[in-house]
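In what follows, a structure is listed as structure tokens, so that the remarks can point back to it.
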Amino acid sequence: MNTIIFTIVSLSVLGLVLSLILYLVSQKFKVVEDPRIDGVQELLPAANCGGCGYAGCRAFAEACVKAEDLDKMYCPVGGNSVMQNVAGYLGVKVAEKTPQIAVVRCNGTCDNRPKTSNYDGYSSCAVMANLFAGDTDCRYGCLSQGDCELSCKFDAIKMDPLTGLPEVDEEKCTACGACVKACPKMIIELRNKGLKNRRIFVSCINKDKGGVAKKACVVACIGCTKCQKICPYDAITMSNNLAYIDYNKCKLCRKCVIECPTRAIWEVNFPVRLPRVEKAPIIDQK
Amino acid sequence: MSKTFSLGGIHPHDNKISAAASIENFPLVDTAYISMSQHLGAPAEPVVAKGDIVKVGQLIAKSSGFISANIHSSVSGVVSSVELLPDLSGTMVQHVVIKVDGDVWMENIDRSEEIVGEIKLSGPEIIAKIAECGIVGLGGAAFPTNIKLSPPPGKKAEYLIINGAECEPYLTSDYRIMVESPEQILIGTKIMMRALNVKNAYFGVEDNKPKAIKLLKKIAGKNYPEIKIVPLTKRYPQGGEKQMIEAITGRQVPSMGLPIDVGVVVQNVGTALAVYEAVQKNKPLFDGIVTITGNCMTEQRNFRLRVGTTFDTMMYAIGGLPKDAVKLISGGPMMGKAVCRMDAASVKSTSALLLLTEAETKRGVESNCIRCAKCVDACPMGLEPYLLNRLSRADRIEDLEEHMVHDCIECGCCLYTCPSNIPLLDTIRLSKAQVIKIIRSRPKK
């Protein structure tokens, strides 16, 4: 009987002493964490994509709570609605941001840009770009190995086997920027989604002189500056034989699209106006 | 007993099918495309313009920085343009295009066959002459030779090693040089020994070239006792700079270090010949010995080829591209670069042109790593290629640096030996480039 009592008493004393030590230690090394961080994290989409520039949703939530001004913080996956929720939870105001989308600035399909050599190595754009300029005459264009597709966590960018170019799914793309970082040729750019999802952009980044660019790819920007001259809003700038349309200045008037002799400027989601075939002769019609 | 390096290595079939073909002069071309980036470092600056008349051996571009080299015309004729043209990997490089008209050489070049043994110049004069003649390392990297021969302050060279291993399969250009002009190479070695002020030189030759070893031993024993001919085991990559230093002197070059850190300077056989021709014959570097070979070719050839000859012209000279050739490699099968444009031109360091058929180049289907560690056994640098490949695919740059990916010499032994056909070299080479970029961008202590 004594043994049982002795056991119970000694174990209880031991437990009490140890719990006291644990309590003291936990008080001494207490990490004070703002409870709002958990609250903000719950509002976030939990994609952990890193598109906001932080290491993940938790890091972004911490940064949001610490930040005085939420205007510089933006979760591309959640978009404005999530940011409004976060701002509401934290009791601050946040300005609306224009939603963005990834656009592929290369239209070098197999027809437009004939292959000049066969690459039979490891299927990776990064490896390929490390070895040589590319398997076509254009040394700026898409390498067609699909690093962007692998990098996308939202299944939004897919290689089209017919054209050999990536296609962005407008519904799924969150503009997290993963594909922009993955592309060794820096073809993909984040641009404003635009009014009614309508966008105009130069679908080429070839910086070679007109003749060289045109020889490599029939839909290359040849740097003729015609679009720059016709643009009524000064939205188009030329550098290194390449036109660039500033999406903040562009009013979507589409004058440049008609003017472009090589059909390098693309319009997306506009009502159909001209059948594209008439305007852009493909390579076999010499 | 042949010497060799301690770690790794493989034994591919050496395929030296062109070894018996003696060196022929390549026929004169119609147009020469001379690249301004034939060496490591800053591209040379052209000193000629459209319409200028140039002779063979005339300076057409000046070295434009500390690491850079002069470039001389390989043909005589009229400069038709100075423009950007693609090199063999498609990168745009400034080229001087010369329309060939006859074959007029500069008067000061000694074109006689006579061998000049007496070295008149002093050490610094030799280095100046080498720089003037635009000599670069012909072992592959094309590092300017004059810089290699002037060690940085505080470092002293003890040995000069001449690399005649030619461990890459197929290549025979160095072998032909050793067999056809052994005396000239040994004089070239003597010249570099004087420039470096060293007493001893070693001449490493793989033991699959007994004729070259015998010949060199005979001449060196008689006239140049300070140059020791060292037979090396036939084993790839015996001709790797670090492997050769270890095989001959037993010293190990530190990570991210240079051979001069262990008191050694390594020069290629071709460079020794170029140095001899520059110092004794006043001939700048504008041609080189190039092997054109491949199992699909009926006739194997070794040419003395002038810089600026396009791959098209080379194929024309050998009677057209063989029907079943699908891949053209500039260099050997292990470390050479596939030519992606036939209109690209040869450079100073072009040493071979290898034609391969589809069956020879085809890669197997990649399957899972079976942890056999063959790649670890084969790596001559003691790295773990299977691990580097996994880290590289996961983009773990810091771990890659910890596992010394920057020590990879890109010899391709791991890829050669992998039974699962994993593209080890491709991923490792990519990560190596990334890691070295990061290391170089760090502030120096």
*Multiply the residue gap between B:Lys218 and B:Cys372 by 0.36 nm, knock off their C-alpha separation, and tell me the result in nm, one decimal place.*
50.9 nm
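Let me check I've understood the local charge: for A:Ser123, count other residues with C-beta under 10 angstrom from its C-beta, Lys and Arg +1, Asp and Glu -1. What total comes out?
Its environment carries a net charge of -4.
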*Gap in Å between the Cα centre of segment A:48-104 and the Cα centre of segment B:85-121?*
62
*asked:* Using the Cα centre of the protein assembly as shown as the reference point, and only Cβ charges (+1 on K/R, -1 on D/E), how large is the resulting charge dipole? Debye, rounded to the nearest 20.
replied: 840
*Check cross-link reach from A:Lys209 to the lysines: straight Cα distance under 17 Å, and skip same-chain residues fewer than eight apart.*
A:Lys226
*How large is log10 I(q)/I(0) at q = 0.16 Å⁻¹ when the Debye formula is applied to the Cα atoms of segment A:66-181, each weighted equally and without solvent?*
-0.79
*Per residue of A:115-122, count partner chain C-beta atoms within 10 Å of its C-beta, then hand back the mean as an integer.*
5
*For B:Ala61, list long-range residues whose amide hydrogen, built 1.01 Å from N in the peptide plane, is under 5 Å from its own amide hydrogen.*
B:Val47, B:Ile71
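With the cut-off at 24 Å, tell me which of the pairs B:Lys156/B:Lys437; A:Lys72/A:Lys181; A:Lys214/A:Lys255; B:Lys129/B:Lys348 have Cα atoms farther apart than that.
As for pairs spanning more than 24 Å Cα to Cα, those are B:Lys156/B:Lys437.
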*Can you give me the P(r) profile for segment B:80-155? Cα pairs, bins 10 angstrom wide beginning at 0, each as a whole percent.*
13, 26, 37, 21, 4
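Relative contact order for segment B:108-239: what percent, with Cα pairs under 8 Å and sequence separation of 6 or more?
Worked out over segment B:108-239, it gives 26 percent.
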*So what is the relative contact order of chain B, in percent, for Cα pairs below 8 Å that sit 6 or more residues apart?*
20
*Which lysines does A:Lys66 reach when only Cα atoms under 19 Å apart count, and residues fewer than 8 places away in its own chain are ignored?*
A:Lys93
*Mind running the shape call on chain B? Use the C-alpha gyration tensor, a ≥ b ≥ c as the square roots of the eigenvalues: rounded below 1.5 for a/c, prolate if a/b tops b/c, oblate otherwise.*
rounded
*Using modelled backbone amide H atoms (1.01 Å from N, in-plane), which distant-in-sequence or interchain residues come within less than 5 Å of B:Arg301's amide H?*
B:Ile292
*asked:* Suppose R0 equals 30 Å. What FRET efficiency, 1/(1 + (r/R0)^6) with r the Cβ-Cβ distance, do A:Glu96 and A:Leu150 give to the nearest 0.05?
replied: 0.40
*Debye, to nearest 20: dipole size of chain A, +1 on Lys, Arg Cβ, -1 on Asp, Glu Cβ*: 1140
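Take every DSSP beta bridge with both residues inside segment B:124-278 and express the antiparallel ones as a percent of the total, to the nearest 5.
5
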*So, counting K/R as plus one and D/E as minus one, what does the shell of residues with Cβ under 9 Å around B:Lys327 add up to?*
-3
*Charge dipole of chain B about the Cα centre (unit charges at C-beta), most positive-ward option of B:Gly270, B:Ile34, B:Leu354*: B:Gly270
*asked:* Over chain A, what is the relative contact order in percent, taking alpha-carbon pairs closer than 8 angstrom and at least six residues apart?
replied: 14
_Treating only the Cα positions of the protein assembly as shown as identical point scatterers, give the base-10 log of I(q)/I(0) from the Debye formula at each q in 0.04, 0.11 Å⁻¹._
-0.23, -1.23
*Select from segment B:349-385 those trypsin sites (Lys or Arg not before Pro) which occupy a DSSP coil region and have at most 12 other Cβ atoms within 10 Å, ordered by residue number.*
B:Lys362, B:Arg363, B:Arg371
*Using the Karplus curve 6.51 cos²θ - 1.76 cosθ + 1.60 with θ = phi - 60°, work out ³J(HN,Hα) for each residue of segment B:14-29 in order, rounded to whole Hz, and write x for Gly and Pro.*
7, 6, 7, 6, 9, 5, 7, 6, 6, 6, 10, 7, 6, x, 4, 8
*Potential lengthening between A:Asp120 and A:Ser12 on full extension [0.36 nm per residue; Cα-Cα distance subtracted]*: 31.6 nm
*Mean Kyte-Doolittle of at least -1.0 plus a Cα span of 15 Å or more along the axis: flag which DSSP H helices in chain A meet both, please.*
A:2-28, A:79-90
*For A:Lys209 and B:His11, what does the FRET efficiency come to when R0 = 56 Å and r is the distance between their Cβ atoms, rounded to the nearest 0.05?*
0.65
*Which percent, nearest 5, of DSSP beta bridges in the protein assembly as shown are antiparallel?*
70
_Inter-probe distance in nm under a simple model that places probes 7 Å from Cα toward Cβ, at B:Asp110 and B:Lys323_ = 5.1
*Where a Cα-Cα gap under 24 Å defines reach, which lysines qualify for B:Lys374, not counting those fewer than 8 residues away within the same chain?*
B:Lys3, B:Lys234, B:Lys242, B:Lys362, B:Lys432
*Could you list, by residue number, the cysteines of chain B that have no other cysteine's beta carbon within less than 4.7 Å of their beta carbon?*
B:Cys133, B:Cys167, B:Cys296, B:Cys340, B:Cys369, B:Cys372, B:Cys379, B:Cys408, B:Cys411, B:Cys413, B:Cys418
*Given chain B, what percent of its DSSP beta bridges are antiparallel, to the nearest 5?*
60
*So if we plug the beta-carbon distance of B:Glu125 and B:Ser22 into 1/(1 + (r/R0)^6) with R0 = 22 Å, what FRET efficiency do we get, rounded to 0.05?*
0.05
*Regarding segment A:35-90, what whole-number volume in Å³ per residue does the convex hull of its Cα atoms give?*
66
*Among A:Thr163, A:Val180, A:Asn107, whose Cα lies farthest out toward the positive end of the dipole of segment A:86-200, if unit charges sit on the beta carbon of Lys, Arg (+1) and Asp, Glu (-1)?*
A:Val180
*Working from the pairwise distances between different alpha carbons, so that the mean of 1/r is found and then inverted, what is segment A:6-59's Kirkwood radius in Å?*
14.8
*Does segment A:100-279 come out rounded, prolate or oblate by the C-alpha gyration tensor, with a ≥ b ≥ c the root eigenvalues, rounded set by a/c under 1.5 and, if not, prolate when a/b is larger than b/c and oblate if not?*
oblate
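Which shape class applies to segment B:374-441: rounded if a/c is under 1.5, otherwise prolate when a/b exceeds b/c and oblate if not, where a ≥ b ≥ c are the square roots of the Cα gyration tensor eigenvalues?
Judged from the Cα gyration tensor, segment B:374-441 comes out prolate (a/c at least 1.5, a/b above b/c).
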*Just the projected area, averaged over all directions, of the convex hull on the alpha carbon atoms of segment B:264-421: how many nm²?*
12.6
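FYI, it's all coordinate maths here, none of it is from the lab. Note that the coordinates shown come from a computational prediction; the quantities given were computed from them, not determined experimentally. Reconstructed Cβ throughout: ideal geometry from the backbone, glycine too, with neighbour counts over all protein chains shown.
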